[in-house]
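One structure is given here, and the rest of the page talks about it.
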Amino acid sequence: MFEKRASRGAVAAAEPLAAAVGAKILDDGGNAIDAAVAVGFALAVTYPAAGNLGGGGFLVGSIGRGAGQPQQVALDFREKAPAAATSDMYVRAAAAGVKNASLVGHLASGVPGSVSGLLTAQKEWGSLPRKKVIEPALALARDGFEMTKRTHRMLAGAKSRMLRFEATGEVFYPGGDAVPAGENFVQTDLSTTLETIIEKGIPGFYDGEVADHLVVEMKRGGGIISAQDLLDYRSVNRKPIRFSTGKGNGISMPPPSSGGICLLQMYRMLSHFALDRSDAESPELYHLLAEVMRRSFADRNQYLGDPDFVDCQMERLEKHARLDKRASSINPRKASSSSQFLEDLTPPKESEQTTHYSVVDQQGNGVAVTTTLNGSFGSRVLVPGAGFLLNNEMDDFTAHPGKPNLFGLIQGSANAVAPGKRPLSSMSPTVWLDKSGDVRAVLGTPGGPTIITNVLQVLLGLNRLGLSPEISVTSPKIHHQCLPDSLTLERAIPEKTEKTLQTFGHRTGRRGSIGDFQLLCRTQKRGWVGVSDSRGGGGVTYTK
Ligand code: GLY
């Protein structure tokens, strides 16, 4: 969906009601953080496949303008493994005959981070009272909203797994079928949880009644998240990754996200190649992109994990000389083999039902938030009495070393399960700053590992190929993640292009669509332009 320009502020989100909530907060005098927090809570109500209270995420922002304290921030509110988690818990569960324990049911959940993250951002950098930014979500849960066709379709598709859990069935399948599109959808227990959070703040979720509901459900269903795990949860302020885009800088998320470092690496390798508009959608450019993706994912899969637990060797991974050498090994017409970049050939390991939203405000602040339950509707377990779904983020760990995860990613020991550890993520909320440091674009998308490669391609479209925001988002995308050694092409890429890529030596595969991009970009002629990906069902709302 393309929208007209924004004069003061704008919000792009995967669900239009949530985008409207954010824009209203901006209209009411809130800053980009206030709006981002309001959108996060609203998505937890209106987009239950991925919006969440029971998941986690990352926030990257260029903020503080207007308050005279410009700063760049990266807030990590990724879920953590419970204290009782062990590195072989899923191997043992499988041996005991419990299938997919990292994906479905109570053992699949990490300790949720979203409420801590949103309220920490609000307290640190927001300007409005907590009540003001959560109230719109509370109203949507209490009074209901029109069930969207998209969510109805997703619920219908997930029915059999969802109905394994009684409380999930009661909320989303009253009478046995998915809530129909167009029907007013009320979530009473969720509204009570939101009221408690308004009243008590972070302890309203991690202590007291809501926490009790969660722990009782864990015990009932054989899960391991304890009351102490919830009390111990903290979001972490990290130093954003900064990378040169030629025309300015990108800022993105550091580990436990792999997004920022991969973007830095791929941009550095691409700096050795002249690119312009005529290269867009050419097999030569797709090949070049595949080669830099391959090289960067080789590092991602081998070295990255939670920086509080493993040495991610960031200095080495950022080193220009090493990246320049890797770039020089790219043959412009011949595919490399992934094995030559893998010192440890144990293949290193994600869900696509994440969601992203982008916010800019009238002071020139830009905030990018990607948040997730991991798989669509997470673990499918809804906390009875509290009304929210829990994540299945534990599958983002190397649950079964050497075996592919939900996204076909195969990962190494740096990302093994350990108590209190955060699983490696691909979520890449990113802000592009121009040479004077002003926000030029706010970018992000869901898509598991394709998040990183999609953000690369949209950013490249904007700042190296000179494409419009609309074309940067809609142009067909590719994805390579080193292992498996094959190049994925979006359906819209012509067969002729695929054949040429095969003659270069790529093994190719197809998929319908990649991502659900939410872009805000400042253009010289049109001011702020928002693009909510036509691949999804979202929207852009501008301030008045
Ligand atoms: N669960 C998807 C990601 O964190 O990348």
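The values are calculated or read from the model by the stated rules, or taken from the named source; none is laboratory data. This structure is a prediction, so every number in the text was calculated from the model and none was measured. Because the Cβ atoms are built from the backbone with ideal geometry, glycine has one as well, and the counts that use them run over all protein chains shown. In case anyone asks, the SASA skips ligands and DNA or RNA and just uses the protein heavy atoms, side chains included. Shrake-Rupley method; radii C 1.70, N 1.55, O 1.52, S 1.80 Å.
Things worth noting here:
- Unmet criterion (only one of (1) open to solvent by 10 Å² or more (accessible area, probe 1.4 Å); (2) more than 16 Å from the ligand (Cβ to nearest atom); (3) at pLDDT 95 or above) for Val381: (1)
- Residue in the range 449-471 that is in a loop (DSSP other than H, G, I, E, B) and either modelled with pLDDT under 95 or under 20 Å from the mean Cα position of the chain (by Cα) (or both) present: yes
- Of all residues in the range 340-373, those satisfying the criterion of being within 16 Å of the ligand (Cβ to nearest atom) and modelled with pLDDT of 95 or more are Thr355, His356, Tyr357, Ala368, Val369, Thr370, Thr371, Thr372, Leu373.
One line per residue, one yes/no per condition, for (1) more than 16 Å from the ligand (Cβ to nearest atom); (2) under 20 Å from Val473 (Cα atoms); (3) within 26 Å of the chain's Cα centre (by Cα):
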position: Ser257; (1), (2), (3): no, no, yes
position: Arg268; (1), (2), (3): yes, no, yes
position: Glu281; (1), (2), (3): yes, yes, yes
position: Asp306; (1), (2), (3): no, no, yes
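- Residue ID - most open to solvent (accessible area, probe 1.4 Å), chosen from residues in the range 423-442 that are in a loop (DSSP other than H, G, I, E, B) and more than 10 Å from the ligand (Cβ to nearest atom): Lys435
- Where strands (runs of 3 or more DSSP E) sit wholly within the range 472-536, those with at least 2 residues that are farther than 23 Å from Asn301 by Cβ occupy 518-523, 527-532.
- Unique match (being at pLDDT 95 or above, of a type in the set (Asp, Glu), open to solvent by 10 Å² or more (accessible area, probe 1.4 Å) and closer than 22 Å to Ile451 by Cα) among Glu281, Glu315: Glu281
- Residue that is of a type in the set (Asp, Glu), surrounded by 21 or more Cβ atoms within 10 Å (Cβ to Cβ) and at pLDDT 95 or above, where the choices are Asp189, Asp177, Asp229: Asp229
- Annotation: Gly260 fulfils all but one of (1) closer than 28 Å to Val417 by Cα; (2) of a type in the set (Gly, Ala, Ser); (3) not in a helix (DSSP H, G or I); the unmet one is (3).
- Matching entry among Arg65, Arg92 (being out of contact with any strand residue (DSSP E or B) (no Cβ under 9 Å at 6 or more places or on another chain) and either open to solvent by less than 10 Å² (accessible area, probe 1.4 Å) or more than 30 Å from Val171 (Cβ to Cβ) (or both)): Arg92
- Scanning the range 384-422 for residues that are modelled with pLDDT under 95 and within 11 Å of the ligand (Cβ to nearest atom) yields Asp395, Asp396, Phe397, Asn405, Leu406, Phe407, Leu409.
- Restricting the first member to the range 150-176 and to residues that are over 20 Å from Glu217 (Cβ atoms), and the second to residues that are modelled with pLDDT of 95 or more and surrounded by fewer than 17 Cβ atoms within 10 Å (Cβ to Cβ), the beta-carbon pairs closer than 7 Å and six or more apart or on different chains are His152/Pro180; His152/Ala181.
- So Gly250, is it surrounded by 21 or more Cβ atoms within 10 Å (Cβ to Cβ), away from the ligand (no atom under 16 Å from the Cβ), in a strand (DSSP E or B) and not aliphatic (A, V, I, L, M): yes
- Those helices (runs of 4 or more DSSP H) of the range 138-217 in which 2 or more residues are within 13 Å of Phe388 (Cα to Cα) and of a type outside the set (Asp, Glu) occupy 166-172, 188-200.
- Qualifying residue in the range 443-450 (condition: among the aliphatic types (A, V, I, L, M), open to solvent by less than 10 Å² (accessible area, probe 1.4 Å) and away from the ligand (no atom under 12 Å from the Cβ)): yes
- Of everything in the range 134-160 that is under 29 Å from Lys99 (Cα atoms) and over 23 Å from the mean Cα position of the chain (by Cα), the residue that is surrounded by the fewest Cβ atoms within 10 Å (Cβ to Cβ) is Ser160.
- Ala23 at negative phi and open to solvent by less than 10 Å² (accessible area, probe 1.4 Å): yes
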